[in-house]
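The values are calculated or read from the model by the stated rules, or taken from the named source; none is laboratory data. Quick caveat, the model's predicted, so the values are computed rather than measured. Every residue, glycine as well, gets a Cβ built from its backbone with ideal geometry; the counts of neighbours run over all protein chains shown. Protein only, heavy atoms only, side chains kept; ligands, DNA and RNA dropped before computing areas. Shrake-Rupley method; radii C 1.70, N 1.55, O 1.52, S 1.80 Å.
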Amino acid sequence: MTRETELLNRISICKDIFGGKPIIRGMRIAVEHILGMLAAGDTVETILREYPDLDSEDIQACLLFAHRSMAGEHVHERIAMRQAS
């Protein structure tokens, strides 16, 4: 398993949480929220302090998910398919 696959495995989708938006490790923390915090200028350290259940790999997974999504890959659909199997 590649490092990128390991990171993306941290992202999950649960239709009962945030309407099926990508979340981190099944928790009620949306990828979108973490990306918004980073975009607003929060540091990884600040996010980890505010969300002690997260670790730095979770933040990296969010960034990788965003990168892959912007590159035109259908990561959202792949994650949903992975969880369905």
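See the values below:
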{"item": "Of the criteria (1) surrounded by 11 or more Cβ atoms within 10 Å (Cβ to Cβ); (2) modelled with pLDDT under 95; (3) at positive phi, which one Arg68 fails", "result": "(3)"}
{"item": "Subset of segment 10-40 that is over 16 Å from Ala66 (Cβ atoms) and either small (Gly, Ala, Ser) or under 12 Å from the mean Cα position of the chain (by Cα) (or both) - its residue that is least open to solvent (accessible area, probe 1.4 Å)", "result": "Gly20"}
{"item": "Residue that is farthest from Leu7 (Cα to Cα), among those in segment 21-67 that are in a strand (DSSP E or B) and free of Cβ contacts under 8 Å to residues at least 40 places away in the same chain", "result": "Ala30"}
